[in-house]
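Here the structure is laid out as structure tokens; the discussion comes afterwards.
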Number of protein chains: 2
Amino acid sequence: MQIIRSPQEMHRALKRLKQKGKTVGFVPTMGALHEGHASLLRRARKDHDICVLSIFVNPKQFGPKEDFKKYPRPAKEDMALAKKEKVDIIFYPSAKEMYPPDFLTAVEVEGLSDVLCGQFRPGHFRGVTTVVAKLLNIVSPDEMYLGQKDAQQAVIIKRMVANLNFATTISVCPTIREADGLALSSRNKFLTSAQRSEAANIYRSLKHAAKRINEGEQNAPAIIHDIRSFLRQQTSGRIEYVACVDTQTLAPLKKIRGKALIALAVRFAGTRLIDNMIINVR
Amino acid sequence: MQIIRSPQEMHRALKRLKQKGKTVGFVPTMGALHEGHASLLRRARKDHDICVLSIFVNPKQFGPKEDFKKYPRPAKEDMALAKKEKVDIIFYPSAKEMYPPDFLTAVEVEGLSDVLCGQFRPGHFRGVTTVVAKLLNIVSPDEMYLGQKDAQQAVIIKRMVANLNFATTISVCPTIREADGLALSSRNKFLTSAQRSEAANIYRSLKHAAKRINEGEQNAPAIIHDIRSFLRQQTSGRIEYVACVDTQTLAPLKKIRGKALIALAVRFAGTRLIDNMIINVR
């Protein structure tokens, strides 16, 4: 397992591999790796000759009042997980390397970045698309793997990749959950044990909604109202949003027909949790 | 000479060439090719195995009141020039192919895009960086060639390429001029013959400034004043700006020491001409 810290060295290493005809699968992360990341690495490992992991806590996707400083950085455990999953190359740059003093460039997906999480995290997705554009140029993977847990992020990155003609296929893989349904997240460790028990109700609220939709409810505002009531009754968290939107445009739906994305964010004190479910009404 | 119209087909063609170890030189243009473009194609041809030319009149870099519709599109003559310069692949997409209805992404270099020409053409450089990011992903060249005539464009694209870690070297090549000094431009053909004669004074004003600097003048505002007087006396054009700036940051200089970029724009009725000179005071 090779650890590379500079974009230039990545370019050289990847060029050599490409010239040998190797294909590259890539998993971009902020570290604090868990089974969700591991599932992506296994897909990349299985589908491609070379498995590349990046670990970079990207300052540009955190707001000034957000948890950039306290975001977990367990380097040793991350290395162990990467090794266990047979990662070939870890790209592990410094912030100075990624954002030198003359850094002035931004990549933005307009519209899609301002809704849902974007309403509560201004500039967040601009930071995400900027760093992902950099990583795609640094790694030039054949395929990049993202988790469905960050549904809006996946939609925005897919749009950016299509719009800017990156030669990379984007694969979005299922959310990995704890036994009680809580979506894995590097931020779960910030929950108190009481919050942790309550947090399982986030997924339950989505399953409850899916059940109602399967039973015939097509009215999106009614479903949203239902999820909100459920969360208010079962958790002490503060609801940031609950939304039922088109899976591509993220535009709010009135009636649920075909595919719909139900997404939400709930805040437990300083810890913000997100989850979502794609519903397919036939 | 192969003409390719779709980004997907470009990806396939370039992948095959890269796997054979071929290097690629790339010249992006809006067509209406002249000796300036030809000089770039000859450099690309000389330095690389494969010479790629793109022709695309990019709607996103024209303002609503600018000359997008009347911008020249002499397809037949362009093909003949490309053939003469032994271009291997012309990428010649439609606007629909480049900007499908779901296009929402923009690439921007902040700060550098708002000064000089950017003051008079809001959104212009955002359109340029967006299309060049697309072209770099479509062609993935080893080296891209730009003309020094578009000095600000070259500075902005170099910054974008560095900031976003594109694996492409950017080479900026000298401005090609008519016998009387007028910088070649696809827009020169819009000049009346009276305007055409006057326009030669643009380069003369820069040479006059260079002479004064070589004689010891270091005061940038005095040089700017001089160029403005010269242009007012020798042409009927309307001066948009005359600036003396740092070659990397485009920040205005007070005193000329080391390298300086002197750049200007003059408008002859509907025709906007730009020119520049890099001065190196040792």
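Bear in mind these aren't lab numbers, they're just calculated from the coordinates by the rules spelled out. None of these values were measured; they are calculated from a predicted model. Note: ideal-geometry Cβ built from the backbone for every residue, glycine included; neighbour counts use all protein chains shown.
For the reader, a short list of remarks on this structure follows.
- Across peptide A:159-171, the mean count of Cβ atoms from other chains lying within 10 Å of each residue's own Cβ comes to 6.
- Sequence-distant contacts, meaning Cα pairs under 8 Å at least 6 residues apart, place the relative contact order of the range A:103-207 at 22 percent.
- Note on the range A:188-281: the C-alpha convex hull projects to 5.7 nm² when averaged across all orientations.
- The range B:188-281 - percent relative contact order, Cα under 8 Å, separation 6 or more: 27 percent
- Among B:274, B:156, B:118 - extreme Cα towards positive end, dipole of chain B, charges at beta-carbon: B:274
- Proximity of backbone amide H atoms, modeled 1.01 Å from N, is registered between residue B:253 and B:244, B:245, B:246 at under 5 Å, excluding neighbours fewer than 5 places apart on the same chain.
- What the phi angles of the range A:22-33 give under the Karplus curve with 6.51, -1.76 and 1.60, with θ = phi - 60°, is a coupling list of 6, 9, 10, x, 10, 10, x, 9, 9, x, 6, 5 Hz, glycine and proline written as x.
- Beta bridges from DSSP with both residues in chain A: antiparallel share about 50 percent, rounded to the nearest 5.
- Under 5 Å, built H, 5+ apart or other chain: amide partners of residue A:172: A:146
- Viscosity 1.567 mPa s, 4 °C: Kirkwood-radius Stokes-Einstein D of the protein assembly as shown over Cα pairs, µm²/s: 49 µm²/s
- Each part reduced to its alpha carbon centroid, the range B:46-66 and the range A:25-95 end up 37 Å apart.
- Dividing the summed helix terms, -39500 (n - 2.57) for each DSSP H run of n ≥ 4, by the number of residues in chain A produces a 222 nm estimate of -12000 deg cm²/dmol to the nearest 500.
- Whole-Hz ³J(HN,Hα) from phi, Karplus 6.51 cos²θ - 1.76 cosθ + 1.60, for the range B:64-75, glycine and proline x: x, 9, 8, 9, 4, 5, 8, 4, x, 9, x, 3
- Dipole-positive endmost among A:229, A:188, A:170 within the range A:139-282 (Cβ charges, Cα centre): A:229
- Closest approach of a chain A beta carbon to the axis mapping chain A onto chain B (residue, whole Å): A:107, 3.
- Summary of the geometry: the range B:199-262 and the range A:118-152, compared by the centres of their Cα atoms, lie 44 Å apart.
- Sequence-separation-based contact order of chain B, relative, with Cα cut under 8 Å and 6+ spacing, percent: 17 percent
- Computed magnitude of the charge dipole of chain A (debye, nearest 20; Cβ of K, R +1, Cβ of D, E -1): 300 debye
- Against chain B, whose longest principal axis comes from its Cα atoms, helix B:193-214 is set at around 70 degrees.
- Starting from the label point of residue B:104 at 7 Å along Cα→Cβ, the same points in the other copies fall at 2.8 nm, in ascending order.
- Within the range A:2-173, the percentage of alpha carbon pairs spaced more than 24 angstrom apart rounds to 33%.
- About the centre of its Cα atoms, the protein assembly as shown shows a dipole size close to 440 debye [charges on the beta carbon of Lys, Arg (+1) and Asp, Glu (-1) only; nearest 20 debye].
- Around residue A:263: net Lys/Arg minus Asp/Glu count, Cβ-Cβ under 14 Å: +1
- With label points defined 7 Å past Cα in the direction of Cβ, position residue A:120 shows copy-to-copy spacings of 4.8 nm, given to one decimal and shortest first.
- Ordering of B:225-235, A:81-91 by burial proxy (mean other Cβ atoms within 10 Å per residue, highest first): A:81-91, B:225-235
- Cβ charges +1 (Lys, Arg) and -1 (Asp, Glu), total dipole of the range A:105-150, debye: 200 debye
- Each other copy places its own label point for residue B:75 at 5.8 nm from this one, sorted shortest first, where the point lies 7 Å along the Cα-to-beta carbon line.
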